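Chemist: I have a structure here, written as structure tokens, and I will follow up with some questions on it.
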Amino acid sequence: MRLVSYGPAGRERAGVIVRDEVIDMTFSNPRLPSSWRVIFERNMVDEVKYTLPNASYRVNLANTRLGPPIPDPTKIVCLGLAYASHAGEGKEKPPAVPQLFCKAPSALIGPNDDIVYPKQVEKLDYEVELAVVIGRRAKHVPEAKALSIVAGYMVLNDVSARCAQFGDKQWFRGKSFDTFCPTGPYIVTPDEIENPDDLELKCWVNNEQRQSASTSELLYPVRRIISYISDQMTLLPGDIIATGTPEGVGIFRKPPGLLSVGDVVEMEIAGIGRLRNRVVEEK
């Protein structure tokens, strides 16, 4: 399945993509909540599958705004320097274990929403990443069982204010400005992803390809990332894990290829989908 949250910002509703339409889950089955996080929390995904064949409430996808598939996670856990190529371009040593930081959930936007360039930021950058969405509460999950707690996968742009990130000597503020986390376009459920450790990632800025890699190049398999994070903190339904970015980010290009107002950033992961976000001036 391809799971979306659609509608006006702040009032998104849970839906499922079927061909060129969005099926609204709550209108189709009043027992279902309008939030995917709550559907996962209540273990109601099977009821979603039962509802789909006879669902009557549909809207045209082409005329519908898609929001972040999970607008309301308890946390967004990210990995730094998770690809050797990215560590190398920044002249960093690859870490021996996953290096964790967080983005504020208030940074989330949809797959086609605008990225706002904050007035206090001087160096704005992009990072294409595979995101994992957690489907159930979990703690101390063994690697062998880690993929069993996954609700699905999506594309994530870890937009970064490098001036704040490097100036602060830690990453939270530089990664957490409003609109700094485009996600989507949908959550693709695990039955459609044969192997999360073999997915092609690409990023373009104004149609110029900037990043191209595979999740097979991650320093740690997806299952190990999930297991490691679950040893540090309880993972909750709807939590998002951003697995890191490969080489090609703007700050380390020669000359630097940082973002400007008017730029269009596009990101794609094979089998999952594409983000397209324009950079706009803060009003």
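Chemist: Consider the stretch 240-256. How many of its residues are assigned to a loop (DSSP other than H, G, I, E, B), buried (at least 19 other Cβ atoms within 10 Å of the Cβ) and either modelled with pLDDT under 95 or not charged (D, E, K, R) (or both)?
Modeler: First pass over the stretch 240-256, keeping only residues assigned to a loop (DSSP other than H, G, I, E, B): 243-249, 253-256.
Now restrict to residues that are buried (at least 19 other Cβ atoms within 10 Å of the Cβ): 243-249.
Those still in the list that are either modelled with pLDDT under 95 or not charged (D, E, K, R) (or both) too: 243-246, 248-249.
Of the residues in the stretch 240-256, 6 are assigned to a loop (DSSP other than H, G, I, E, B), buried (at least 19 other Cβ atoms within 10 Å of the Cβ) and either modelled with pLDDT under 95 or not charged (D, E, K, R) (or both).
Chemist: Any residue in the stretch 45-64 that is among the β-branched types (Val, Ile, Thr) sitting within a Cβ distance under 9 Å of a residue that is part of a helix (DSSP H, G or I)? List the pairs, counting only those 6 or more apart or interchain.
Modeler: Within 9 Å, the pairs are Val45/Ile39; Val48/Met25; Val48/Ile39; Thr51/Met25; Thr51/Ser28.
Chemist: Right, Lys93: more than 18 Å from Thr215 (Cβ to Cβ), free of Cβ contacts under 8 Å to residues at least 12 places away in the same chain and of a type outside the set (Asp, Glu) or not?
Modeler: It is true that Lys93 is more than 18 Å from Thr215 (Cβ to Cβ), free of Cβ contacts under 8 Å to residues at least 12 places away in the same chain and of a type outside the set (Asp, Glu).
Chemist: Follow-up. Output the number of residues of the stretch 229-239 satisfying the condition of being assigned to a helix (DSSP H, G or I) and either surrounded by fewer than 17 Cβ atoms within 10 Å (Cβ to Cβ) or touching a Phe, Trp or Tyr at 6+ places or on another chain (Cβ under 7 Å) (or both). Can you show your working first?
Modeler: Step one: filter the stretch 229-239 for residues assigned to a helix (DSSP H, G or I), giving 229-232.
After this cut, where a residue has to be either surrounded by fewer than 17 Cβ atoms within 10 Å (Cβ to Cβ) or touching a Phe, Trp or Tyr at 6+ places or on another chain (Cβ under 7 Å) (or both) as well, the list is 231-232.
So the count comes out to 2.
Chemist: Taking Ala161, is it touching a Pro at 6+ places or on another chain (Cβ under 8 Å) and more than 24 Å from Leu3 (Cβ to Cβ)? Even if it seems obvious, please write down each step before you answer.
Modeler: Working: touching a Pro at 6+ places or on another chain (Cβ under 8 Å): yes; more than 24 Å from Leu3 (Cβ to Cβ): yes.
Taking the combined requirement at face value, the residue satisfies it.
Chemist: Quick one: is Asp191 over 22 Å from Pro118 (Cα atoms), within 17 Å of the chain's Cα centre (by Cα), in the same structural domain as Thr245 (by TED's automatic domain parsing) and among the charged types (D, E, K, R)?
Modeler: Working: over 22 Å from Pro118 (Cα atoms): yes; within 17 Å of the chain's Cα centre (by Cα): no; in the same structural domain as Thr245 (by TED's automatic domain parsing): yes; among the charged types (D, E, K, R): yes.
Criteria not met by Asp191.
Chemist: List the number of the failed condition for Thr183; all other conditions in (1) more than 22 Å from Ile269 (Cβ to Cβ); (2) within 19 Å of the chain's Cα centre (by Cα); (3) among the hydroxyl-bearing types (Ser, Thr, Tyr) hold.
Modeler: (1)
Chemist: Follow-up question, since we're still on this one. What are the pairs with Cβ atoms under 9 angstrom where one residue, in the stretch 257-280, is of a type in the set (S, T, N, Q) and the other, located anywhere, is loosely packed, with under 15 Cβ neighbours inside 10 Å? Sequence gap at least six, or different chains.
Modeler: Here the result reads Asn277/Asp114; Asn277/Val264, each pair linking the stretch 257-280 to a residue that is loosely packed, with under 15 Cβ neighbours inside 10 Å.
Chemist: Is it fair to say Thr26 is β-branched (Val, Ile, Thr) and either in the same structural domain as Ile240 (by TED's automatic domain parsing) or closer than 23 Å to Val150 by Cβ (or both)?
Modeler: Considered against the rule, which asks whether it is β-branched (Val, Ile, Thr) and either in the same structural domain as Ile240 (by TED's automatic domain parsing) or closer than 23 Å to Val150 by Cβ (or both), Thr26 comes out as no.
Chemist: Would you check if there is a residue in the stretch 165-173 being modelled with pLDDT of 95 or more and under 30 Å from Thr64 (Cβ atoms)?
Modeler: no
Chemist: Of the conditions (1) under 18 Å from the mean Cα position of the chain (by Cα); (2) at pLDDT 95 or above, Val121 clears all except one; give me its number.
Modeler: Tallying (1) under 18 Å from the mean Cα position of the chain (by Cα); (2) at pLDDT 95 or above, Val121 fails exactly one: (1).
Chemist: Could you check the stretch 251-268 and list, in sequence order, the residues that are on the phi < 0 side of the Ramachandran plot and out of contact with any helix residue (DSSP H, G or I) (no Cβ under 8 Å at 6 or more places or on another chain)?
Modeler: If the condition is that a residue be on the phi < 0 side of the Ramachandran plot and out of contact with any helix residue (DSSP H, G or I) (no Cβ under 8 Å at 6 or more places or on another chain), then Arg253, Lys254, Pro255, Ser260, Val261, Asp263, Val264, Val265, Glu266, Met267, Glu268 are the ones that fit.
Chemist: Now, a different point. Just the residues that are out of contact with any helix residue (DSSP H, G or I) (no Cβ under 9 Å at 6 or more places or on another chain) and either at pLDDT below 95 or among the polar types (S, T, N, Q) (or both), please, taken from the stretch 195-210.
Modeler: Looking only at the stretch 195-210, we keep the residues that are out of contact with any helix residue (DSSP H, G or I) (no Cβ under 9 Å at 6 or more places or on another chain), and these are 202-204, 206-209.
Selection gives Asn206, Asn207, Gln209.
Chemist: Which of (1) of a type in the set (A, V, I, L, M); (2) at pLDDT 95 or above; (3) surrounded by fewer than 20 Cβ atoms within 10 Å (Cβ to Cβ) does Val128 not meet, given it meets every other one?
Modeler: (3)
The values are calculated or read from the model by the stated rules, or taken from the named source; none is laboratory data. This structure is a prediction, so every number in the text was calculated from the model and none was measured. Cβ atoms come from the backbone with ideal geometry, glycine included; neighbour counts cover every protein chain shown.
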